[in-house]
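Structure, as structure tokens:
Every number in this text was worked out from the coordinates using simple rules, so none of it is lab data. Keep in mind that this is a model prediction, so the values were computed, not measured. Quick reminder, even Gly has a Cβ in these numbers, built from the backbone with ideal geometry, and neighbours come from all protein chains shown.
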Amino acid sequence: MLSDPVLRAEYDAACEKDVREVEPISATVDFMDNMDGELNRRSAVLALLYIRRRNFPDAPEVSLFEIETRMGFPRDYLQFTIWYLHKKGYIQRADNAEFTLTADGVDFVETQRVSVSVLNKLLTSGSTPTPPEPPSPVETRQPDRNVQPFPKPATPPTDRRARGDRRKRA
């Protein structure tokens with residue numbers, strides 16, 4: 001059926017009509033402000049992963065490409081955010097290199113959604129991630145009951161020497 005070029009073209013045209021452009025989150029949330037922008041990026045990543053885990057519990061993974069696309073800016077701006085959320089134990093990378101929300105991440109989202117306005121806005125906006133690919137196994141962690149809100153990041157110095165990042169020469 002789909003090997004027939006005419007039927008395939010009709011099928012592709014019908015599928016294109018069903019695909020709708022999703023407005024990037026950056027159209028409604030400021031991710032570029034130095035201090036609040038980083039907090040907003042963390043909230044957005046957690047919200048995307050939380051929505052995916054709630055809607056597709058058997059396939060909760062989200063690719064970095066999808067995070068970039070949904071947020072509306074390149075991965076260069078996500079490196080610190082991903083590192084921080086991973087180190088806090090809120091997200092993890094699955095074997096297929098896609099990201100998932102951990103139990104600690106779920107606890108954080110659910111306990112902080114009222115106090116983190118951007119997080120609450122993203123969770124109640126009704127936006128959902130794209131349907132997942134076939135599921136892969138994901139390891140889970142026990143939740144930490146001592147969840148703390150995001151600390152405000154310090155304004156990063158522009159000069160590496162001001163941060164003390166000097167490398168010692170042998």
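The figures follow:
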quantity	calculated
Taking N as its residue count, the alpha carbon Rg of the range 32-127 over 2.2 N^0.38 Å	0.98
Normalised contact order of the range 32-127, rounded percent, pairs of Cα under 8 Å and 6 or more residues apart	33
At R0 = 45 Å, FRET efficiency that the Cβ-Cβ distance of Lys87 and Ser3 yields, to 0.05	0.35
Per-pair calculated FRET efficiency, R0 = 22 Å: Asn55 and Tyr77 via Cβ, rounded to 0.05	0.30
